[in-house]
Structures are given as C-alpha cells and as structure tokens.
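The values are calculated or read from the model by the stated rules, or taken from the named source; none is laboratory data. None of these values were measured; they are calculated from a predicted model. Every residue, glycine among them, receives a Cβ derived from its backbone with ideal geometry; neighbour counts consider all protein chains shown.
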Amino acid sequence: MVQKLLLNFLVLSLAAVVLATSCVASNKLLEGDKNLLWVDNVSDLAIQPPESLYSWLHDVKHMTNTMSKKIGKVRLECLDENWGKAYQYEREALNLKPSDPAWVRTVMIYADEKPFMYARVVLPKETIEKFPIFENFGDRKLGQDFMYGRDDYSRTSFKYAVINPEVNSNMYSEIPGFKSKGYLWLRCSTFKVAGVNLFLTEFFL
C-alpha cells in the first residue's frame, strides 16, 4: 500500500514538473521579443554587425532604390496582410493595448532573387480606416508606392536590435524559410501619415 502511494506520488510529481516546464517554454516562446534590447545607435549594440551591414542599417533614402543600384534587381513579395498580433515592442511604439486590433503586413524583399530583407508593418485600426488601401496592398512597395512624394508624413529615428538565437529563437519562426542560427540585425521606426501611425521593422538577412 505504501509502495503504491509512493509510486502515485512520484508519477504526479513528474507530471507537475513536465507541465511546469511546458508552461515556461510556452511563455518564453510568446514573450521572446521582451528580451530584445533596442538602442538608438548601432555602435551601442552588444553584438556588432558585419561591416557590410553598416551602410544598410543607416540608410535613410529609398531602400529599394539603393538596393537596385548596389545589388541588382529588387522584388518584393507580400507574404501576408491581415489582422494579427503585434509584438510587445510594436504595441509600445503604437500605444496599443494587448487587446487592440492590429493589421500586420509581412513582406520578403529579394535582391537578384536572393532574400535580402524581411519586414513587418503594423497598422492600428485607425490607420486602416483612414487608408483602406492597405487591406489589399499586395506586392507594392510601402515607400515607393505610397509614402514618398507625400508632404504629410514623417518618420522617427531608427532604433536597432540584434536577435540572439539563444534568447530570441522564437522570432526566427517569424521568417518563412529562414534556416540560419546566427545573429540577425534589425531596425525599426514609426511613420506618421496624415495624423495616423504605422510601425515598420526591417530584418536584414
């Protein structure tokens, strides 16, 4: 009888440990972006990017135009555009509550048919209501086909971060087909257009 009770206790204890471990892993998966440390200058990043990335991280011109001149043919592919979940840092930038709806557009930008950049554009509900064109923006380029040439938009300074594969591994699943286990550098900024905001994060592959 004592042995049976002891066995049941051990089984229940093991189950509790497995459940607890599962919950912790799940929380880490959901909250991985909390571990991103955003800085104002590339030089302040804990892990410095390769020299080849410096000019791209600082580029404030028409990114796709610069890519065309320096690399070759540029192609943008819209991966998804729908109501979705914004990361914590995106919500903070846009003053969104976790329950607030957000329109999320994800794209892959190719240079000479090689993946060069993955990008996320997050738009609050009021931005979609003001510019319903974004509900079906497709493969058009945000800057070239919408932003540039307008006199009613502004852009904040960039903030920079690096994805550590040991800490932010969940963010790799964000990028379709991306297999690398190395560091990834990214930058983000907020656009204000005609009084409403949208938030852009660019992942340099």
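Would you point out the residue of the stretch 76-90, among those that are of a type in the set (Asp, Glu) and buried (at least 18 other Cβ atoms within 10 Å of the Cβ), that is nearest to Val193 (Cα to Cα)? Out of the qualifying residues, it is Glu90.
With the requirement that a residue be of a type in the set (Phe, Trp, Tyr) and closer than 25 Å to Pro124 by Cα, what does the stretch 38-97 give you? If the condition is that a residue be of a type in the set (Phe, Trp, Tyr) and closer than 25 Å to Pro124 by Cα, then Trp38, Trp83, Tyr87, Tyr89 are the ones that fit.
Residues in the stretch 61-111 that are β-branched (Val, Ile, Thr) and closer than 21 Å to Ile133 by Cβ were compared, and the one that is modelled with the lowest pLDDT is Thr64. So is Ala194 under 25 Å from Lys125 (Cβ atoms) and either in the same structural domain as Lys114 (by TED's automatic domain parsing) or in contact (Cβ under 8 Å) with a residue 60 or more places away in the chain (or both) or not? Answer is yes for this residue.
Just to be sure, is Tyr54 of a type in the set (Phe, Trp, Tyr) and out of contact with any strand residue (DSSP E or B) (no Cβ under 8 Å at 6 or more places or on another chain)? Spelling it out, Tyr54 is indeed of a type in the set (Phe, Trp, Tyr) and out of contact with any strand residue (DSSP E or B) (no Cβ under 8 Å at 6 or more places or on another chain). Taken over the stretch 114-134, the criterion of being out of contact with any strand residue (DSSP E or B) (no Cβ under 7 Å at 6 or more places or on another chain) and either among the charged types (D, E, K, R) or closer than 22 Å to Met63 by Cα (or both) is satisfied by Lys114, Lys125, Glu129, Ile133. The requirement of being within 23 Å of Met171 (Cα to Cα) and modelled with pLDDT of 90 or more is satisfied by Leu57.
Kindly indicate whether Ala93 is within 22 Å of Val42 (Cβ to Cβ), out of contact with any Pro (no Cβ under 6 Å at 6 or more places or on another chain) and surrounded by 13 or more Cβ atoms within 10 Å (Cβ to Cβ). Criteria met by Ala93.
Any residue at all in the stretch 105-113 that is crowded, with 16+ Cβ neighbours inside 10 Å, among the acidic types (Asp, Glu) and either touching a helix residue (DSSP H, G or I) at 6+ places or on another chain (Cβ under 9 Å) or in contact (Cβ under 8 Å) with a residue 40 or more places away in the chain (or both)? No - not one qualifying residue is present in the stretch 105-113.
Restricting attention to the stretch 19-43, the residues being within 17 Å of Leu184 (Cβ to Cβ) and at pLDDT 85 or above number 4.
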